[in-house]
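Below is one structure; the comments refer to it alone.
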Amino acid sequence: MPRPPSSSLIVQSDRSHKAELATRSISLLLVLISLIAFIFNKDGLAQALQIEKTTLELGVIMISLLGALFIDQITTSFFHKSSQDRVIESHDQIMAAIQSSSTLQCFTSDNAFYNHIEQRVKHATEVRNTFVGYKTASGNPNALDEASLDSYISFLTSDEKSSKAKVWTDIVAYNEFFGKRYENIKILLNGKETSARHFARVIRHNIPVLNFTIFDFDSYGNDREVVFGWLHSDNFRNRRLFRSNDPNIIELFESYFSLLSLYRLQEDVELNYKDGSLRAGSEISDRQGWWFCEGTNQAGDVVSESVFHVSFREHGVELDGIVNWNCSYGRQLESSTETISHKSDKVSYTEQKMFLEYRDHASDRRGICVYNFSTTPEGAVVNGYLHDAGSVERIQLQGYKLDSSKEEYAAATDNARRLSIARAEWNRKKMIEETTSAS
């Protein structure tokens, strides 16, 4: 293990003390000489200046004292600044020694922690990172996280030589995969050439994770390091963040990384920061947001129309909205409008499909619903079926994702209004498709 550097303050403290003492002694000696000269020649000086001896004596004494005080203050300030600089330098050397030799270090400051990561990531050849269910200080997992973005940019654009290809692999959940972080990285890179590859490994969302990052280095004293401490749904102000180069601790987190990887939804996706689609290699469809869906029976009659919102929460998937029943189906005996709310314990999903089970104890209605989400040149679409236990017939579902950026959707304050707008848009889409097919 390398020997920690010595503190520059300890080495120079004795010399500094002697220099300060000598300077102050000289200043006092000069004042003393001036006073002696004055005592032996005060008569002649008084006659030359034609003033009272007493006044002259007081004036000289005051000037001598002020001069001595002035010199002493300058000297003290100079040596204090010099000592302060050496204290800072010594502190930096001590921290460097701790970082290179200690097996476990606790950071009590976010700034100190991220400064450490920023320095380390520049020299790393491989980064294995988790970003699952983690909220930034604003509480928004998709907020612009400048500290994290700086680390990505430093690694992806580092010009440091490496004996092997540089790779950064993120383990993320669905919400983070389709969040703003990767778009922000692409914006910051702005077409700049990258010296490393970046992969995303998407796992199921409802797994509590202690987030961590493992760094591998070509040569850096110890060739590996782990930093950790971000908690699932992290919103603690006074948290503790840690780093370690202990092989046993690193091996523990490597095993944890492999364990989390068993829950992946698809093969790793290499993120494309140059041109084209950022997530072009992904089979997972982006399901978050508002959707309109129309249900038809075998005769082609429109049985139901629904507008619903899909969100990926910390504990899983949630689906909320309303359904407008145009006629009876199964145990739904008459036309009506109902509110739907399906939580994570009733919803499961794969790369493109979503399955949910419903039950209404008041009407004894129960059944299953299957959605298949996909992306077409015209936009994101959904199809599937609904099967009520009280019917032998399935209802076929088809619909599309609402563009929440459109003013009419953004202005809609309730689901009934959203349903009306979406229905009109859906009818317009179908009319265009029928016209295109006929021609």
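Could we say that residue 374 is within 31 Å of the chain's Cα centre (by Cα), part of a strand (DSSP E or B) and without any contact (Cβ under 8 Å) to a residue 40 or more places away in the chain here? Here the answer is no, as residue 374 does not meet what is asked.
The residue that is modelled with the lowest pLDDT, among those in segment 399-424 that are out of contact with any helix residue (DSSP H, G or I) (no Cβ under 9 Å at 6 or more places or on another chain) and closer than 24 Å to residue 370 by Cβ, is 415. Looking across segment 359-371, the residues that are touching a residue at least 24 places away in the same chain (Cβ under 8 Å) and in a loop (DSSP other than H, G, I, E, B) come down to 363, 364. Candidates in segment 215-236 are the residues that are of a type in the set (Phe, Trp, Tyr) and modelled with pLDDT under 80; of these, the one that is surrounded by the fewest Cβ atoms within 10 Å (Cβ to Cβ) is 236.
Looking only at segment 271-321, filter to residues that are outside any strand (DSSP E or B), of a type in the set (D, E, K, R) and loosely packed, with under 15 Cβ neighbours inside 10 Å; which one of those is modelled with the highest pLDDT?
Looking at the filtered set, the residue picked out is 301.
One residue stands out in segment 133-162 among those that are loosely packed, with under 15 Cβ neighbours inside 10 Å and within 23 Å of residue 191 (Cβ to Cβ): the one that is modelled with the lowest pLDDT, namely 144.
The values are calculated or read from the model by the stated rules, or taken from the named source; none is laboratory data. Computed from a predicted structure; not experimentally measured. Please note: Cβ atoms are built from the backbone with ideal geometry, for glycine as well, and neighbour counts cover all protein chains shown.
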